[in-house]
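J.: Below you'll find the structure I mean.
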Amino acid sequence: MDAPHPKAALDSINELPENILLELFTHVPARQLLLNCRLVCSLWRDLIDLMTLWKRKCLREGFITEDWDQPVADWKIFYFLRSLHRNLLRNPCAEEDMFAWQIDFNGGDRWKVESLPGAHGTDFPDPKVKKYFVTSYEMCLKSQLVDLVAEGYWEELLDTFRPDIVVKDWFAARADCGCTYQLKVQLTSADYFVLASFEPPPVTIQQWNNAAWTEVSYTFSDYPRGVRYILFQHGGSDTQYWAGWYGPRVTNSSIVVSHKRTRNQASSEAQPGKKHGQEEAAQSPYQAVLQIF
């Protein structure tokens, strides 16, 4: 009896079961899937558009766990936003002196970096934070301008999905000196037109306070289309007009683009003054990521 002939090799990778192809695609970088692989053929396009693939990629990257039970409207959007998730402010905790910060006002004895807890100060709630920026007896303000497109958030994602943008800052006074702290955050268009802003009233802390660190938190949601930049500016001065560095201390600032989005709210939730310890087609290649409506 003749020996059985071995099975012929596959003529095309497309002869593999779809589940195997999906598993292979989980190992391909996401942008390559959209820019290159999705254009190969209709089968690949359809497989790459499956939410199952993007959920698998989320599992593989550790963005979710096997027991994840929260609803996700679109796994592709979720994947890209999670992969981009980070603090967009550079040098937020003064580890690199004043690097990355634009000095807008440098009054009195100018901005300075000090180590925690500092004279007449308290430890920061997060022990990983070791330093802070401190102001003087005349106005000191510093800022960063975040370019969202340069940070990887393409225009269709920003305009169609409009993910929540979460801004946080921390400030404290010296116990022996009063001070005034202020914060301004603006979402602007490509030509720097202000589309949304958060600028709470300045906070004045009296002399002989407890030097507690206070968190300011604000979420931009359902903002207008066209956001391309985020301006973050903070600082202040002391109220005693003492030479040296007796003004507000700031550190651990952050701007994070969330994987969530909030719609149809009259205003975003602001939580200034929350103290630690209190209760509380001829289209873009990425257009495929935005087929959510």
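J.: Mind giving me the FRET efficiency for Asn209 and Gln102? R0 is 25 Å, r the Cβ-Cβ distance, nearest 0.05 is fine. Please list the in-between numbers first.
T.: Numbers: r = 29 Å, r/R0 = 1.17.
Rounded to the nearest 0.05, the efficiency is 0.30.
J.: Okay, moving on. In debye, nearest 20: dipole of the stretch 13-83 around its Cα centre with unit charges on the Cβ of K, R (+) and D, E (-)?
T.: Working: 9 positive and 10 negative charges, 71 e Å.
Computed charge dipole of the stretch 13-83: roughly 340 debye.
J.: In addition: Based on the mean of other beta carbon atoms within 10 Å per residue, what is the order of 209-220, 23-34, most packed first?
T.: Values: 209-220: 19.0, 23-34: 15.5.
Order by mean packing, descending: 209-220, 23-34.
J.: Another question about this same structure. Determine, for each peptide in 175-184, 188-197, the mean count of other beta carbons within 10 angstrom over its residues, then list the peptides with the highest first. Mind dumping the intermediate values first?
T.: Values: 175-184: 20.0, 188-197: 13.2.
Descending mean neighbour count gives 175-184, 188-197.
J.: Sticking with this one: Given charges of +1 on the Cβ of Lys and Arg and -1 on the Cβ of Asp and Glu, with all other atoms neutral, how large is the dipole of the stretch 166-237 about its Cα centre, in debye to the nearest 20?
T.: Values: 5 positive and 6 negative charges, 22 e Å.
That gives a dipole near 100 debye.
J.: Take every Cα-Cα pair in the stretch 1-136 and report what % of them are more than 21 Å apart. Don't skip to the answer; put the middle values down first.
T.: On the way: 5906 of 9180 pairs.
Here the long-distance tail beyond 21 Å is 64 percent of all Cα pairs in the stretch 1-136.
J.: Okay, moving on. Per residue, how much accessible area does the chain have with a 1.4 Å probe, in Å²? Don't skip to the answer; put the middle values down first.
T.: On the way: 15250 Å² over 293 residues.
Per residue, the chain has 52 Å² of solvent-accessible surface.
J.: Now, a different point. How far apart, in nm, are the 7 Å Cα→Cβ label points at Asn91 and Ser197?
T.: 2.6
J.: For the stretch 104-247, with all protein chains present and a 1.4 Å probe, just round the carbon and sulfur fraction of the accessible area to a whole percent.
T.: Details: 3020 of 5940 Å².
Ligands and nucleic acids excluded, carbon and sulfur give 51 percent.
J.: Among 104-112, 198-206, 250-258, what's the highest-first ranking by average C-beta atoms within 10 angstrom per residue?
T.: Values: 104-112: 17.7, 198-206: 14.7, 250-258: 21.4.
Ranked by mean Cβ neighbours within 10 Å, highest first: 250-258, 104-112, 198-206.
J.: What size of dipole, in debye to the nearest 20, comes out for the chain about its Cα centre when the only charges are +1 on Lys and Arg C-beta atoms and -1 on Asp and Glu C-beta atoms? Kindly include the intermediate steps, with their values, before the conclusion.
T.: Values: 30 positive and 37 negative charges, 45 e Å.
Computed charge dipole of the chain: roughly 220 debye.
J.: Also, quick follow-up: Enter the Cα centre distance for the pair the stretch 181-238 and the stretch 109-163, rounded to the nearest angstrom.
T.: The stretch 181-238 and the stretch 109-163 have Cα centres separated by 11 Å.
J.: Going Cα to Cα from Lys184, which aspartates and glutamates come in below 15 Å? Please leave out same-chain ones fewer than 8 positions away.
T.: Within the straight-line cut-off, Lys184 pairs with Asp104, Asp169, Glu199, Glu215.
J.: Points 7 angstrom from Cα along the Cβ direction at Lys130 and Asp159: gap in nanometres?
T.: For Lys130 paired with Asp159, the spin-label model returns 4.5 nm.
The values are calculated or read from the model by the stated rules, or taken from the named source; none is laboratory data. Fair warning: this is a prediction, and the values are worked out from it, not measured in the lab. Counting neighbours? That spans all protein chains shown, and the Cβs are built from the backbone with ideal geometry, glycine included. Note: accessible area is taken over every heavy atom of the protein model, side chains too, but ligands, DNA and RNA are not part of it. Shrake-Rupley method; radii C 1.70, N 1.55, O 1.52, S 1.80 Å.
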